[in-house]
Amino acid sequence: MSNYSVAKFGGTSVADFDAMSRCAAIIKNDTQVRVVVVSASSGVTNHLVALCDDSLTEQARAEHIIAVETIQHNIIEKLSLDADITHGFMATLEQFKVLAGKCQFSVAEKDELLSFGERLSSYLFTQVLRGQGVAATRFDVRDVLATNDIHAKAEPNIAKTRDNAKQHLLPLLNEQVIVTQGFIGRGDNSLTTTLGRGGSDYSAALIAEAIDADQVQIWTDVVGIFSTDPRLCHKAAPISKLSFDEAAEMATFGAKVLHPATILPASRSGIRVFVGSSRAPEQGGTWIEKEKSAVPGIRAVTQRKNQLLLTVKSPEMLLASGFLARVFTILAKYNISVDLVTTSEISVAVTLDNAPNASRPELDQACLNELSEFCHVSVENKLTLVALIGSEIQLRHHEINLMSVLSQFNIRLICHGASKHNLCFLVEQADSDQVVKSIHRQLLELSN
Ligand code: ADP
Ligand code: ASP
Ligand code: MG
């Protein structure tokens, strides 16, 4: 393992010139950071997602394109661009405008379009670093981060990424800080792919793994991972240390501060992860490490909105073997990942993520049709998955408080037991903020 660090800056951290300058100061003060992974400037990816919509009017399309350009120009105004940056940036902006002006896109073209946010911000951030006297070079991450060909939800090819990093990235790191893009990669077919919304955290961890870094820093707009979303509960408190398992569960179940897959490479390769605020680096943050928490109990509550509940019912399930296998084979065929599962004798209910801003909707009609061939299918939406996260969670320690909170709401499904790190349930979306606040108050504020 080297003593390199990889630092990732999220959308708000690279939203404008001042934000980028704060990030550049962090890099300047930490000479171990050799690779910087940037997101698109705040708001840009949402415009790009909107542009992927084939039904957009000409006027709306033009407005989104202008909005993306304006965000870039507001940054450039404060910079004096070197020739290499001007050349690359202008060419990339031009390519963006040509592609965005089309009105129909293949899945591959959608990924290409989504990639422009990170491609543009990485030019500007490189220039901001140079402005602070840091020798920095922009690097196209697609030359390293290899993925499969599943557009919008690509999965990394770890071995190929490592080989690429050895060949193209590692030799550069002694001389300069490399600024590269989060979120995007290159598929086997050589086309641009994306890792899913919020995927830059995952990119940073993958690159850290590929260069044997010992640390990934995730710089965002909060001073670490909190006991719940601090935007929702003002009494939420930052957690100074989390185990890989706890952090992974939190990210999986909706703590937006980390992309759910980020912890995978880190825990696989023993890379420490730090989460802190680029606005207030002096305030420290959360360290995520291998060591398990010594104190059992609930440490956080998270929520994930826009969940679908898919219930599949078959009278034949009674004593029939192979029903579940058949259902899950179809879900796997459509690359649908299931979160919670409950079963009864003749039915199975699973929850699926259906974030409206996702670059790929979760449940295809074709999948529903295939399931309907052998069972009755129903889909409920406007649900939220609420998760209690911790270590060695035992319901009996908390049951009085928890049950009294839950009894006020309509609970659609409960799951506990497969993992001692979480206890999950599904509630109506309209209630979920209130559910989270009540649970936080009863279990994380009053008990402390
Ligand atoms: P970035 O653009 O830097 O990737 P994100 O918006 O993806 O940042 O993630 C940071 C946001 O995550 C915070 O502003 C906060 O509102 C939200 N968040 C949700 N749950 C948590 C949590 N448990 N701890 C900290 N932040 C959280
Ligand atoms: N820009 C991408 C998004 O907004 C990836 C990221 O920021 O992590 O989803
Ligand atoms: Mg994020």
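Numbers below:
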quantity	calculated
Helices (runs of 4 or more DSSP H) wholly inside region 184-293 containing at least 1 residues that are surrounded by fewer than 23 Cβ atoms within 10 Å (Cβ to Cβ)	244-252, 263-269
Sole residue being farther than 22 Å from Ala280 by Cα and in contact with a His (Cβ under 8 Å, 6 or more places away or on another chain), chosen from Asp53, Asp82, Asp111	Asp111
Residues being within 14 Å of ligand 3 (Cβ to nearest atom) and over 21 Å from Glu392 (Cβ atoms) - total across region 239-282	13
Residue count for region 42-89, restricted to those that are part of a helix (DSSP H, G or I) and among the basic types (Lys, Arg)	1
Any hit, region 376-385, residues being under 23 Å from Glu246 (Cβ atoms) and under 25 Å from the mean Cα position of the chain (by Cα)	yes
Boolean, Arg138 is within 13 Å of Thr194 (Cα to Cα), free of Cβ contacts under 8 Å to residues at least 60 places away in the same chain and of a type in the set (Lys, Arg)	no
Residue in region 121-133 that is over 28 Å from Ala25 (Cα atoms), touching a Leu at 6+ places or on another chain (Cβ under 9 Å) and not hydrophobic (A, V, I, L, M, F, W, C) present	no
Region 1-20, subset in a strand (DSSP E or B) and of a type outside the set (Phe, Trp, Tyr), residue farthest from ligand 1 (Cβ to nearest atom)	Ser5
Residues located in region 392-435, provided they are modelled with pLDDT under 90 and assigned to a helix (DSSP H, G or I)	Leu395, Arg396, His397, His398, Glu399, Ile400, Asn401, Leu402, Met403, Ser404, Val405, Leu406
Of the criteria (1) touching a strand residue (DSSP E or B) at 6+ places or on another chain (Cβ under 6 Å); (2) within 16 Å of ligand 1 (Cβ to nearest atom), which one Ala213 fails	(2)
Verdict on Glu112 being within 26 Å of Lys160 (Cβ to Cβ), among the acidic types (Asp, Glu) and at pLDDT 95 or above	yes
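Okay, residues lined up against (1) surrounded by fewer than 22 Cβ atoms within 10 Å (Cβ to Cβ); (2) in contact with a helix residue (DSSP H, G or I) (Cβ under 8 Å, 6 or more places away or on another chain); (3) at pLDDT 95 or above:
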site	(1), (2), (3)
Met20	no, yes, yes
Val35	no, yes, yes
Ser41	no, yes, yes
Cys52	yes, yes, yes
Glu63	yes, no, yes
Ile66	yes, no, yes
His73	yes, no, yes
Lys78	yes, yes, yes
Lys97	yes, yes, yes
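The values are calculated or read from the model by the stated rules, or taken from the named source; none is laboratory data. Computed from a prediction, not measured in an experiment: that's the story for all the values here. Quick reminder, even Gly has a Cβ in these numbers, built from the backbone with ideal geometry, and neighbours come from all protein chains shown.
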